[in-house]
Amino acid sequence: MVDSDKLLRFYRQMLKIRLFEEQVNQLYLGAKMPGLAHLYIGQEAVAVGVCEALRADDYITSTHRGHGHCLAKGAAIDKMFAELLGKADGYCRGKGGSMHIADQERGNLGANAIVGGSAGIATGAALSAKMRGTDQVAVCFFGEGALGQGLLYECMNMAALWKLPVIYLCENNMYNEYTHYSETTAGTIEGRAQAFGIPTETIEGQDVELVYRTASKLIERARKSDGPSFLLCNTYRFHGHHVGDIDRAYYRPKKEEEEWKERRDPVKLLADKLVRSEIVDRQFLAGTESEIAGEIKSGADFALNAPYPDATEVDQDVYA
Amino acid sequence: MAKQAQTTAGRAITFAQAINEALAEEMRRDPKVFILGEDVAEAGTPFKVLSGLVKEFGKERVIDSPISEAGIAGICVGAAMTGMRPVVDIMFGDFATLVMDQMVNQAAKTHYMSGGKLTVPMVMRTTLGATRRSAAQHSQSLHAWFSHIPGLKVVLPATPYDAKGLLKTAIRDDNPVVFFEDKMMYQQKGVVPAQDYTIPFGVADVKRAGKDITLVATSSMVEVSLKAAEILQASNISAEVVDVRTTVPLDKETLIASAQKTTRALVVDEGYERYGVTAEIASVIADGAFYYLDAPVKRMGAMDVPVPFSPVLEDQTVPTPESVAETARKLCGKM
Ligand SMILES: Cc1ncc(C[n+]2csc(CCOP(=O)(O)OP(=O)(O)O)c2C)c(N)n1
């Protein structure tokens with residue numbers, strides 16, 4: 001059982017991601033954010049369940065849909081917003097933007113705009129942890145679309161051969177951009193890892209407690225040098241592929257979206273559980289929400305008022 | 001010249017529609033032509049370039065693939081070697097990194113290595129161009145990489161008219177052709193004939209005649225150079241704008257003749273400047289027009305940095321009409 005303090009913390013973290021992403025959408029709609037962003041809304045329980053089971057010095061690699069992973073690993077709201085707006089106070093001094101946030105202090109080796117592009121990085125971090133004799137673990141987050149990339153299989157093979165402390169964390173939100181995953185994925189997802197002798201677990205990714213418990217088990221296994229594992233979390237993105245993807249009925253039924261939002265919203269599910277188990281009441285949750293909403297608002301305001309990088313920074317940091 | 005043909009028959013359509021039309025016409029003409037790529041069918045690609053093609057040609061000829069760039073490129077090489085004429089869609093030119101072995105070590109070399117027996121009549125369509133606030137992994141212009149490889153042809157259309165005519169030529173060519181489309185150009189309109197026509201490879205197009213300086217440009221930089229020419233006009237400098245249209249094969253004669261006439265040349269391209277296609281083109285001109293030149297050949301490419309996200313940084317990394325005009329003015333000794 002997960003104790004109630006922890007559950008409350010999960011709730012805060014998930015709500016933080018939810019409200020952060022809603023604010024990102026507003027910034028986009030208000031033409032305040034350059035470019036696009038891929039919202040994590042609907043998948044919060046995965047990032048939070050996994051990152052809460054990690055130590056601060058453990059590693060993660062993330063994807064184009066990476067804001068949730070960054071926040072769950074402990075990134076600061078104001079510096080995240082600043083990066084999204086291309087400001088000098090952002091995590092990457094405005095050079096990375098939405099798809100490239102990295103937070104070295106918290107073991108976040110970076111989001112990645114190349115689908116599957118971080119399989120090598122996560123596996124390499126695990127190899128490095130092993131060579132350096134630490135007991136750090138690496139989690140490689142990726143969407144089911146990355147199952148199309150050969151790099152993933154090369155890396156899983158080596159991770160299994162060399163018993164590396166890495167967890168391949170597949171978030172199956174059912175769509176590769178605008179195509180249902182069943183049209184792009186032969187056989188079973190788990191079978192791919194099993195072929196390398198990598199143990200797999202498949203769970204409901206909307207249940208943060210379940211994600212946390214399962215991830216904890218696999219992380220402990222990796223920490224004890226028992227090798228890699230593969231965790232498949234079934235989940236759903238509530239918004240479009242990116243903020244501009246509004247008319248999506250041609251590839252995803254509206255009814256399906258509504259069902260997920262109504263019955264499998266991870267934030268709502270946890271709120272219900274907290275109330276049902278009499279850990280807190282609705283009023284308390286409302287208080288938490290307005291508190292977090294305040295943090296989000298001041299983070300966004302900070303970013304909106306922050307300066308752009310100096311023009312001369314453009315050719316700095318090409319080389320170390 | 002292209003200019004004249006454009007005005008004879010046609011209507012204004014977008015660059016994206018011109019690509020779409022070329023594909024549709026070629027697929028009607030030749031049942032061996034098919035499209036393979038990510039989100040190409042119902043979605044018609046994220047840029048909506050292929051919208052409607054799946055309706056006419058069905059899912060057997062407009063095939064949605066997994067996110068497997070190396071795989072789809074390789075499958076197209078094999079299909080091309082055995083009688084089909086595939087067009088593979090690589091969404092962002094940045095993903096060229098993933099298809100490189102298939103294009104460079106397989107597609108490009110097969111005809112030569114087989115002593116001329118096997119052919120690879122395939123087209124790889126992809127994109128280039130920055131300033132979309134898409135950051136370092138979705139903004140590069142990597143056509144120089146392919147231009148470096150013997151056995152590949154490389155096409156860089158700059159107008160809807162050129163896009164349709166050159167894509168048809170690409171599909172009918174018996175060699176692997178890499179076809180770059182500027183993402184920022186998709187919604188630009190131009191006059192395009194409704195009927196069939198092709199534009200041969202290796203024929204540069206003088207997009208604007210002039211007498212004081214030659215601006216040689218590719219793809220996205222043709223429009224930039226035309227705007228620069230307008231600016232230069234105001235300071236009484238007459239710039240000729242030559243669009244190379246294909247870097248391989250390269251129309252050396254037209255480039256050299258233009259530089260001989262104007263006595264000055266500036267080469268503008270959106271790929272990284274260092275070791276870019278501008279270097280090759282500048283050297284061709286320096287060689288061929290040496291005794292006519294009044295100034296060293298200059299070149300401008302994208303700044304040699306990963307493309308930054310922040311608009312204030314990104315906008316500095318690509319040549320603009322103003323920066324091209326300024327460099328041209330200096331070359332003409334007017335500043
Ligand atoms: C190698 C590569 N190919 C294609 C793309 C374009 N693209 C961006 S996101 C995406 C879909 C990814 O689907 P998935 O991995 O399931 O993640 P999700 O978007 O569902 O979170 C595609 C095809 C890319 N970024 N990288």
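Tabulated data for the structure shown
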item	result
B:Gln187-A:Asp57 pseudo-label distance in nm [points 7 Å out on the Cα-to-Cβ vector]	5.1
Ranked A:Ser4, A:Ser290, A:Ser216, criterion: other C-beta atoms within 10 Å, fewest first	A:Ser290, A:Ser4, A:Ser216
Segment A:231-264 and segment B:111-179: distance between their alpha carbon centers, rounded to Å	36
Label-to-label distance, nm, for residues given as B:Thr119 and A:Lys32 (7 Å Cα→Cβ offset)	5.9
Charge context of A:Leu19, other residues only, Cβ under 12 angstrom, K/R +1, D/E -1	-2
Magnitude of the charge dipole, chain B, Cβ model with Lys/Arg +1 and Asp/Glu -1, debye to 20	600
Using alpha carbons only: equivalent-ellipsoid semi-axes of segment B:99-153, gyration tensor based, whole Å	29, 9, 8
Cβ-based charge dipole, segment B:205-331, positive-most Cα from B:Ile281, B:Leu266, B:Ile237	B:Ile237
Dipole magnitude (debye, nearest 20) for segment A:21-110, charges at Cβ of Lys, Arg, Asp, Glu	300
Dipole of segment B:13-192, positive direction: furthest Cα of B:Val177, B:Ala41, B:His138, with charges on the beta-carbon	B:Val177
Theoretical FRET efficiency, 1/(1+(r/R0)^6), r = Cβ-Cβ of A:Ala195 and A:Lys163, R0 25 Å, to 0.05	0.90
Partner lysines for A:Lys163 [C-alpha distance under 18 Å; skip if fewer than 8 residues away on the same chain]	A:Lys130, A:Lys217, A:Lys224
Hydrodynamic radius by Kirkwood, which averages 1/r over all alpha carbon pairs of the protein assembly as shown, in angstrom	26.5
Counting DSSP beta bridges with both ends in the protein assembly as shown, the antiparallel % (nearest 5)	20
Among A:Asp265, A:Asp247, A:Asp207, residue whose mean-square fluctuation peaks in a GNM of chain A (springs only between Cα atoms under 10 Å)	A:Asp247
Total charge dipole magnitude, segment A:222-301, about the Cα centre, Cβ charges on Lys, Arg, Asp, Glu only, Debye to nearest 20	360
Relative contact order computed over segment B:183-335 (Cα-Cα under 8 Å; 6+ residues apart), in percent	25
Options B:Val191, B:Phe15, B:Phe57, ranked by Cα towards positive dipole end of segment B:13-192, top entry (Cβ charges)	B:Val191
Ranked list, fewest to most other Cβ atoms within 10 Å of each Cβ, for B:Asp64, A:Asp272	A:Asp272, B:Asp64
Using alpha-carbon coordinates, inclination of helix B:252-262 to the longest axis of chain B, degrees	20
Restraint check, A:Lys95/B:Lys334; B:Lys48/B:Lys227; B:Lys261/B:Lys334; A:Lys73/A:Lys95; B:Lys189/B:Lys227, Cα-Cα greater than 25 Å	A:Lys95/B:Lys334; B:Lys48/B:Lys227
Using alpha-carbon coordinates, inclination of helix B:321-331 to the longest axis of chain B, degrees	50
Those aspartates and glutamates that a straight Cα-Cα span of less than 13 Å connects to B:Lys183, excepting residues fewer than 8 apart in one chain	B:Asp94, B:Glu270
Neighbour net charge for A:Phe230 - beta-carbon separation under 10 angstrom, K R +1, D E -1	-1
Segment A:30-107 versus segment B:180-207: alpha-carbon centroid distance in Å	41
Label point distance in nm, A:Arg263-A:Met174, each placed 7 Å from Cα along Cα→Cβ	1.1
Helix runs (DSSP H) in chain A reaching 30 Å along axis by Cα, Kyte-Doolittle at least -1.0	A:4-29, A:282-305
Candidates A:Ala249, A:Ala102, A:Ala88: whichever shows maximal mean-square fluctuation once chain A is modelled as a Gaussian network with Cα springs under 10 Å	A:Ala249
Relative contact order (percent, whole number), segment A:1-63, Cα cutoff 8 Å, 6+ residue spacing	37
Most mobile listed residue (A:Leu85, A:Leu218, A:Leu27) in chain A, GNM with C-alpha springs under 10 Å	A:Leu27
Ascending count of other beta-carbon atoms within 10 Å, so fewest first, for A:Tyr319, A:Tyr168, B:Tyr112	A:Tyr319, B:Tyr112, A:Tyr168
Computed FRET value (nearest 0.05) for B:Lys334 with A:Val318, which takes r as the C-beta separation and R₀ as 30 Å	0.35
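None of the figures in this text is laboratory data; all of them are computed from the coordinates on show. Here the structure is a predicted model, which is why all the values come from computation and not from measurement. FYI the Cβ positions are ideal-geometry reconstructions off the backbone, even for glycines, and counts take in every protein chain you see.
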